[in-house]
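Working notes for the structure below.
Just so it is clear, none of the values below were taken in a lab; they were calculated from the coordinates. This structure is a prediction, so every number in the text was calculated from the model and none was measured. Here Cβ is always computed from backbone atoms with ideal geometry, including for glycine, and neighbour counts include all displayed protein chains.
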Amino acid sequence: MNKKVTVGQQILSLNEKYALENKQIFAEGGKLCLNMISSPGSGKTSILTRTIIDLRGKLTIGVIEGDVQTDLDAERIRATQAAAIQIETNGACHLSAAQVNNALYKLPVSELDLVVIENVGNLVCPSAFELGENAKVVVLSVAEGDDKPIKYPSIFSKAKVMLINKIDLLHAVDFDIERASKDALKLNKGIKIFPVSAKSGEGMGNWYDWLCESVKSVKG
């Protein structure tokens, strides 16, 4: 009897193979890898550029950028003097582990403390694909609304960190940090929640402390 294998199963199986290879690369090198996921416009790139600049001399960070089109975000990262590799998905709503694997051979991984994969802007598709990362980081901006954890539970249940960005806009939007935090914690008791503003720098210190401790723990 022929065994039926769906296309979805084949895709996930191949993705898992490359994810394991990526994970091994990071483990052998003692590198921390984070998969950063959010809706478009949440401020992922702004968070990363400020993080790279503020932690210069403490952590060396490289970035793998995923976008449907253009290398605008990669250019913003390179302007900080950090290494960045751009992946254009040409319509795909997420990065694959194979794409990340290819990018790793173009990134100076041996010189880095931290590799951040800035995934395609989407709260749904990227959460289903492991890339070999140590942890997922979900970014939620206050402009999006505080109901996103209950509307898109998959990524919030899997992420180790939730960054609530653009808190400098709280006076102008209807966003309840306590509600969003409680909903995320119901899905994921261990999630770390850091309200931040990549623009003003407010709250970023807590995020930096978590990053530095996480890098240290991976290095052993």
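Side notes on the structure shown:
- Residues whose placed amide H lies under 5 Å from that of ILE193, excluding near-sequence neighbours: MET162
- Among beta bridges identified by DSSP and lying wholly in the chain, the antiparallel ones come to about 0 percent.
- Calculated mean residue ellipticity at 222 nm for the chain: -11500 deg cm²/dmol, from DSSP H runs with n ≥ 4 weighted as -39500 (n - 2.57), summed, divided by the residue count and rounded to 500.
- Cross-link pairs LYS148/LYS186; LYS148/LYS219; LYS182/LYS219; LYS23/LYS136; LYS44/LYS106 - those with Cα-Cα distance over 24 Å: LYS148/LYS219; LYS182/LYS219
- Cβ-based charge dipole, the chain, positive-most Cα from VAL115, GLY43, ASN22: ASN22
- Segment 67-198: antiparallel DSSP beta bridges as a percent of all, rounded to 5: 0 percent
- Gap separating the Cα centres of segment 46-70 and segment 103-177, nearest whole Å: 14 Å
- DSSP H segments from the chain that extend 18 Å or more along their own axis, Cα-based, with Kyte-Doolittle mean of 0.5 or above: none
- Applying a 4.7 Å Cβ-Cβ cutoff to the chain, the cysteines left without a disulfide-compatible partner are CYS33, CYS212.
- Remark on ILE87: its backbone amide H falls under 5 Å from those of GLU65, GLY66, ASP67, a criterion applied only to residues 5 or more positions apart or on other chains, H modelled at 1.01 Å from N.
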